[in-house]
Structure formats: structure tokens, C-alpha cells
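Single-structure report; data block below.
The values are calculated or read from the model by the stated rules, or taken from the named source; none is laboratory data. Note that this is a predicted model, so its numbers are computed, not measured. Cβ placement follows ideal geometry from the backbone for every residue including glycine, while neighbour counts extend to all protein chains displayed. Just so you know, the surface numbers come from the protein's heavy atoms only, side chains and all, with ligands and any DNA or RNA stripped out. Shrake-Rupley method; radii C 1.70, N 1.55, O 1.52, S 1.80 Å.
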Amino acid sequence: MFDLDNVVAEDVQENDLEEVVMGLIINSGQARSLAYAALKQAKQGDFEAAKATMDQSRIALSEAHRVQTQLIESDEGEGRMKVSLVLVHAQDHLMTSMLARELVAELIELHEKVQ
């Protein structure tokens with residue numbers, strides 16, 4: 001995947017930006033999918049597996065968040081980053097995944113208490 005380290009927003013080619021955005025979508029989607037897999041494991045009473053799966057989800061989400069942070073930093077608040085529908089979609093995926101992980105963590109905790 002394209003790495004934005006030491007790259008100024010105006011130096012990012014459109015194809016490179018699309019690659020970065022797709023990385024955001026893929027990592028965010030992976031994080032959300034893993035969170036729901038962890039919930040399924042918890043519902044089956046396998047809390048150790050659920051914890052391990054949530055750890056994998058955290059790693060995927062951390063990677064997506066790292067890329068988002070680099071995009072924000074490279075823009076320097078000056079609006080130099082080209083905003084596209086795909087970029088907005090990627091941001092939506094990231095925020096939805098973050099919320100899903102938080103809610104799934106609470107649900108897993110509740111399942112554990114009930115059992």
C-alpha cells in the first residue's frame with residue numbers, strides 16, 4: 001500500500017490517493033467484520049476466542065486510523081487534499097467500524113456477565 005509518510009498532499013498523485021483510500025476502506029471493513037465475528041464467538045460462549053478476534057479487529061482499525069491521521073496531517077488544515085466521494089465513503093467506513101467495535105465490546109461484556 002502507498003505510504004503517506006513524508007509526502008505533502010499536493011504531491012500525492014490521484015492514483016496514489018485512491019490506493020490509500022482503498023486501504024482505509026479495506027482495513028476498516030476488516031475491523032468491523034472481525035468485531036462481528038468476535039460477537040458471534042461470545043454468543044457461543046467462547047470468550048477467549050472473542051478477545052483474540054477483537055484484538056485482530058483493533059489492529060486492523062489501528063492501521064486504518066494511522067492512514068487517516070496521515071491524510072489529515074498531510075493536508076495541514078489547508079484544504080489541499082482533493083475530497084472525493086470515495087474518500088468520504090472511506091471516512092464513513094472508518095467511523096462506522098469504530099462505533100461497531102465499541103458497541104460489540106459492550107455486547108461481549110454483557111454476554112460474559114450473563115453466562
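Confirm whether Glu48 is outside any loop (DSSP other than H, G, I, E, B) and not basic (Lys, Arg). Steps first, please.
Working: outside any loop (DSSP other than H, G, I, E, B): yes; not basic (Lys, Arg): yes.
Criteria met by Glu48.
Assess whether Glu78 counts as being at pLDDT 95 or above, open to solvent by 80 Å² or more (accessible area, probe 1.4 Å) and either part of a helix (DSSP H, G or I) or not β-branched (Val, Ile, Thr) (or both).
no
Among residues belonging to segment 18-42 that are touching a residue at least 60 places away in the same chain (Cβ under 8 Å) and hydroxyl-bearing (Ser, Thr, Tyr), point out the one that is nearest to Met95 (Cα to Cα).
Among those residues, the one meeting the criterion is Ser28.
Output the residues belonging to segment 42-59 that are over 15 Å from the mean Cα position of the chain (by Cα), open to solvent by less than 70 Å² (accessible area, probe 1.4 Å) and of a type outside the set (Phe, Trp, Tyr). Working first, answer last.
Step one: list which residues in segment 42-59 are over 15 Å from the mean Cα position of the chain (by Cα), which gives 42-52.
Checking the rest, the ones that are also open to solvent by less than 70 Å² (accessible area, probe 1.4 Å) come to 42, 45, 47, 49-50, 52.
Answer for segment 42-59, where residues must be over 15 Å from the mean Cα position of the chain (by Cα), open to solvent by less than 70 Å² (accessible area, probe 1.4 Å) and of a type outside the set (Phe, Trp, Tyr): Ala42, Gly45, Ala49, Ala50, Ala52.
Give me a count of the residues in segment 81-90 that are open to solvent by less than 70 Å² (accessible area, probe 1.4 Å) and more than 13 Å from Met22 (Cβ to Cβ).
Total meeting the criteria: 1.
Those residues that are under 24 Å from Asp92 (Cα atoms) and touching a residue at least 12 places away in the same chain (Cβ under 8 Å), I need them from segment 43-58; list them, please.
Filtering segment 43-58 down to residues under 24 Å from Asp92 (Cα atoms) leaves 53-58.
Selection gives Thr53, Met54, Gln56, Ser57, Arg58.
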